[in-house]
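Engineer: Below is the structure I would like to discuss, written out as structure tokens.
The values are calculated or read from the model by the stated rules, or taken from the named source; none is laboratory data. Model, not experiment: these values are computed from the prediction. Because the Cβ atoms are built from the backbone with ideal geometry, glycine has one as well, and the counts that use them run over all protein chains shown.
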Amino acid sequence: MHIGYRDLREFIGLVDGIGDLRKVSGASLDREIGAITEVAAGDPQCPALLFDDIPGQPRGNRVFTNATVNSRRAALALGLDPELPALDALKAWKQRRSGLKPLAPEVTSDVPVMENTVSGKDVDLSRFPAPVWHKHDGGPYIGSGSIVLTRDPDTGWVNSSIYRVQVHDRNVVTVQFDHNGRHGAMIARKYWDKGEACPIVLVHGQDPSLFIAGFEYLPDGASELDFAGAIRGAPVEVFKGPLTGMPIPARAEIVMEGRLLPLGEKSLPEGPFGEFTGYYAADRRPGPVMEIDAVYHRTDPILFGSPPLKPPRFHFGLSFRAAGIWANLEAVGVTDIVGTWQHVSQLMTVIALKQRYAGHAKRAGLIAAANTYMGRIVVLVDDDVDPTNLADVMWAVTTRAEPSEDVDIVRNAWSSSLDPRISAENRAIGLTSNSKMIIDACIPFDQLDGYPRTTALSIAESNEVRKRWSGVFRSR
């Protein structure tokens with residue numbers, strides 16, 4: 001199947017076609033675009049935003065934000081029906097994801113991103129939009145949803161991941177890898193250990209399939225470009241970078257080629273930058289410097305912006321990583337999972353299941369807790385509870401869970417240096433584990449037949465009402 005768009009511009013057209021696009025004129029790069037993005041992401045209608053007429057920018061430069069932050073647009077980006085209920089869309093993606101086959105990129109001579117080229121002393125990053133996204137950010141960030149390409153010098157594998165990029169000078173940025181275990185950091189280190197700069201490419205304004213691939217947890221050696229092709233149902237169109245030789249998406253909006261200098265040779269203060277937890281995880285710290293040798297861009301380029309925002313606002317309106325937990329549960333033989341979801345920007349995981357035996361829910365909860373990155377809460381609910389609806393989940397917690405009996409704590413579990421609850425002292429020495437609370441909010445197994453009946457419609461009945469009376473519930 002083909003998902004219906006070849007590049008960011010065609011995706012924006014699809015978003016406009018379903019009535020989700022709002023155009024904003026005159027907003028400033030200095031915190032105003034970021035503030036409007038945050039408020040819109042928390043609004044019930046949650047529109048995508050296309051900023052134009054940006055003060056201080058060449059006319060025609062634009063910024064696109066909130067691309068996939070609701071379930072409709074996340075589904076659209078994956079080639080799914082945007083009218084599907086969120087859990088049905090996630091289930092459809094899980095099923096499709098399990099059958100995806102990598103599709104290698106295809107070299108093309110049609111390269112819109114080469115419409116305009118500058119190099120050497122003519123490179124001037126002030127000609128492109130780089131917002132200050134949050135009020136205490138350390139500077140302008142052109143890379144909040146951009147792709148960074150690096151190539152392993154030993155194997156030739158090209159990694160395409162999302163790392164933040166801060167602008168410092170006309171041709172100088174820093175690229176922050178977050179921690180040394182990221183693939184980009186490990187590749188850069190191979191060059192640095194030999195006293196060499198790491199060839200690097202920044203891709204701005206890529207289409208959502210590349211954005212999704214950049215966020216996926218793919219194994220060492222797996223190609224995000226191949227995975228994006230699988231999502232699209234068509235190869236990503238690429239050209240050979242004139243300076244780096246790397247395969248670069250031909251229909252991106254802005255591309256920058258250059259060198260990432262050894263951290264011991266040169267660094268600049270990077271950050272702070274607001275994180276997806278809704279906090280700043282660190283103050284300024286040394287960041288590796290990229291010197292940009294050439295820039296290519298489309299006429300009237302569009303920056304793809306995806307700044308981390310205070311939860312529940314998140315990059316994706318479908319819980320991709322919850323789908324991974326769902327698949328893990330099935331892979332180890334936990335049956336009758338009817339849905340998974342993550343709330344508070346993946347920090348709270350909910351598993352809905354049809355109980356078949358005593359201990360069924362606990363078994364699922366322990367496995368989910370072991371696979372939740374940074375999250376502190378795992379909730380188990382029955383199959384009559386919609387895991388995507390936080391109010392529905394809390395109804396189950398407050399009417400079916402007995403705190404003295406149904407809460408377990410797992411200690412020394414998987415977290416991150418981004419976790420604001422970890423002390424600065426522990427973070428500094430790499431002690432970044434946390435504890436996780438498992439709440440069994442299912443009806444006690446021995447009371448399934450005698451528990452008081454609910455007054456509510458079933459999930460299927462509710463979906464049928466929404467379908468038959470769609471005009472009543474559609475946003476205006």
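Engineer: Answer yes if at least one residue in the stretch 165-187 is among the acidic types (Asp, Glu), in contact with a Phe, Trp or Tyr (Cβ under 8 Å, 6 or more places away or on another chain), within 28 Å of SER416 (Cβ to Cβ) and surrounded by fewer than 22 Cβ atoms within 10 Å (Cβ to Cβ), and no otherwise.
Structural biologist: So far as the stretch 165-187 goes, yes, one or more of its residues are among the acidic types (Asp, Glu), in contact with a Phe, Trp or Tyr (Cβ under 8 Å, 6 or more places away or on another chain), within 28 Å of SER416 (Cβ to Cβ) and surrounded by fewer than 22 Cβ atoms within 10 Å (Cβ to Cβ).
Engineer: What's the number of the only condition in (1) at pLDDT 95 or above; (2) hydrophobic (A, V, I, L, M, F, W, C); (3) surrounded by fewer than 24 Cβ atoms within 10 Å (Cβ to Cβ); (4) not in a loop (DSSP other than H, G, I, E, B) that ALA368 fails to meet?
Structural biologist: (3)
Engineer: List the pairs whose first member sits in the stretch 8-22 and is more than 17 Å from THR37 (Cα to Cα) and touching a residue at least 60 places away in the same chain (Cβ under 8 Å), whose second member is of a type in the set (Phe, Trp, Tyr) and assigned to a loop (DSSP other than H, G, I, E, B), and whose Cβ atoms are under 7 Å apart, counting only residues at least 6 apart or on separate chains?
Structural biologist: Partner pairs satisfying both residue conditions: PHE11/TYR5; LEU14/TYR5.
Engineer: When residues of the stretch 280-312 are filtered for being more than 25 Å from ASN116 (Cβ to Cβ) and under 11 Å from the mean Cα position of the chain (by Cα), how many remain?
Structural biologist: Total meeting the criteria: 2.
Engineer: Let me ask another. Which of the residues that make up the stretch 19-60 are hydroxyl-bearing (Ser, Thr, Tyr) and buried (at least 18 other Cβ atoms within 10 Å of the Cβ)?
Structural biologist: THR37 - this is the single residue of the stretch 19-60 that is hydroxyl-bearing (Ser, Thr, Tyr) and buried (at least 18 other Cβ atoms within 10 Å of the Cβ).
Engineer: Looking at this structure, is ALA327 in a helix (DSSP H, G or I) and surrounded by 22 or more Cβ atoms within 10 Å (Cβ to Cβ)?
Structural biologist: Considered against the rule, which asks whether it is in a helix (DSSP H, G or I) and surrounded by 22 or more Cβ atoms within 10 Å (Cβ to Cβ), ALA327 comes out as no.
Engineer: Would you tally the residues in the stretch 13-40 being closer than 20 Å to SER144 by Cα and hydroxyl-bearing (Ser, Thr, Tyr)?
Structural biologist: Count: 2.
Engineer: Among the residues of the stretch 273-308, what is the count of those that are hydroxyl-bearing (Ser, Thr, Tyr), part of a loop (DSSP other than H, G, I, E, B) and surrounded by 22 or more Cβ atoms within 10 Å (Cβ to Cβ)?
Structural biologist: Total meeting the criteria: 1.
Engineer: Give all pairs with beta carbons closer than 6 Å in which a residue from the stretch 371-383 that is closer than 19 Å to GLU330 by Cβ meets a residue that is crowded, with 19+ Cβ neighbours inside 10 Å and of a type in the set (Asp, Glu); count only pairs at least 6 apart in sequence or on separate chains.
Structural biologist: LEU380/ASP440
Engineer: Here's another thing I want to ask about it. Look at ASP16 and say whether it is over 30 Å from LYS467 (Cα atoms), at pLDDT 95 or above and either in contact with a strand residue (DSSP E or B) (Cβ under 9 Å, 6 or more places away or on another chain) or surrounded by 23 or more Cβ atoms within 10 Å (Cβ to Cβ) (or both).
Structural biologist: Judged against the criteria, ASP16 is not a match.
Engineer: I've got another one for you. Considering only the stretch 443-461, state which residues are in contact (Cβ under 8 Å) with a residue 60 or more places away in the chain and surrounded by 11 or more Cβ atoms within 10 Å (Cβ to Cβ).
Structural biologist: Looking only at the stretch 443-461, we keep the residues that are in contact (Cβ under 8 Å) with a residue 60 or more places away in the chain, and these are 443, 445-446, 448, 454, 456, 458-459.
Matches in the stretch 443-461: ILE443, PHE445, LEU448, THR454, ALA456, SER458, ILE459.
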